[in-house]
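The block underneath contains the structure these notes are about, expressed in structure tokens.
The values are calculated or read from the model by the stated rules, or taken from the named source; none is laboratory data. Only a predicted model underlies this, so the values are computations on that prediction, with no experimental measurement involved. Virtual Cβ from ideal backbone geometry, glycine too; neighbours counted across all protein chains shown. Side chains are part of the model used for accessible areas, which takes the heavy atoms of the whole protein and leaves out ligands, DNA and RNA. Shrake-Rupley method; radii C 1.70, N 1.55, O 1.52, S 1.80 Å.
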Amino acid sequence: MLNYIKPQFGDTVAVFGAGAVGIAAIMGAKIMGCRHIIAVNRKDYRLTIAKEMGATEVINNSKVDPVAAINEIVPGGVDYVIDTTGVGSVILDGLHALRPGGECVLVGIGGDLNLNVMNDLLATSKKLTGVVEGDAVPQTFIPKLVDYFKQGKFPLDKLSRFYQPEDINQAFADSASGEVIKPIIVFDE
């Protein structure tokens, strides 16, 4: 996803969804030097973590209209939206939160999306792009991520916790409560 945040073309981004992928996108936007990194999620505990990981502003879209809130922060809309939810109505909110010429990048697995091509895309020259696995070349990108991790710029260890298979129910509970973003089950050989 770092490939899709190009501060030379704009430095404002809204990330819809603050799970593991959304938090990684937020950390990537911070690494890229974005001025506004807006996290949008329905759960306050995830927004707290998003703020700790680099979000400059947070919006709980179960409490306020995210499009209006984003436009208060960045009048005219953001340059980029990264949607990690795959939810049609959330994707549409993301498109509506873009400035003219902005780009909405979809990374969440989703279903149907009902939009008006003229009003939602063409009239304001917005782009809707799909990305799989960050659209990166693993041979060059993974060493970059490791380097960012070593520099403390990509603290994945703060998001993860390891569990044994017999603790799977605790892993689910910790994820549901927000105590951990990415529970990882470790199988011994």
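Rank 128, 121, 98 by accessible area, highest first, at a 1.4 Å probe radius?
Per-residue accessible area, sorted high to low, gives 128, 121, 98.
If the cut-off is a Cα-Cα distance under 24 Å, which lysines reach residue 153, setting aside same-chain residues fewer than 8 apart in sequence?
Cα-Cα hits under 24 Å: 6, 30, 51, 144, 182.
Please work out the ratio of the alpha-carbon Rg of segment 62-106 to 2.2 N^0.38 Å and round it to two decimals.
1.05
In square angstrom, what is the accessible area per residue of the chain with a 1.4 angstrom probe?
Accessible area per residue: 53 Å².
Just by accessible area at a 1.4 angstrom probe, what is the order of 21, 186 from largest to smallest?
Largest accessible area first, the residues go 21, 186.
Please report, in whole Å, how far the alpha carbons of segment 55-189 spread along each principal axis, starting with the longest.
Sorted from largest, the Cα extents of segment 55-189 read 56, 37, 30 Å.
Expressed as an acute angle from 0 to 90° and rounded to the nearest 10, what is the orientation of the C-alpha long axis of helix 20-31 relative to the principal long axis of the chain?
So the helix axis and the longest Cα principal axis differ by about 70 degrees.
Nearest 20 debye, what's the magnitude of the dipole of the chain about its Cα centre given +1 on Lys and Arg Cβ and -1 on Asp and Glu Cβ?
In total the dipole reaches around 560 debye.
What do you get when you divide the Cα radius of gyration of segment 32-92 by 2.2 N^0.38 Å, with N the number of residues?
The value comes to 1.07.
Rounded to the nearest percent, how much of the accessible area of segment 56-189 (1.4 Å probe, protein heavy atoms only) is carbon and sulfur?
56
For the charge dipole of segment 124-163, defined by +1 on Lys and Arg C-beta atoms and -1 on Asp and Glu C-beta atoms about the Cα centroid, which residue among 125, 149, 139 has the Cα displaced farthest towards the positive pole?
Working it through, the farthest residue towards the positive pole turns out to be 125.
Work out, in µm²/s and without decimals, the Stokes-Einstein translational diffusion coefficient of segment 99-158 at 25 °C, 0.890 mPa s, Rh from Kirkwood over C-alpha pairs.
For the chosen part, D equals 170 µm²/s.
Counting only the heavy atoms of the protein chains, how much of residue 160 is accessible to a 1.4 Å probe, in Å² to the nearest 10?
Per-residue accessible area (residue 160): approximately 40 Å².
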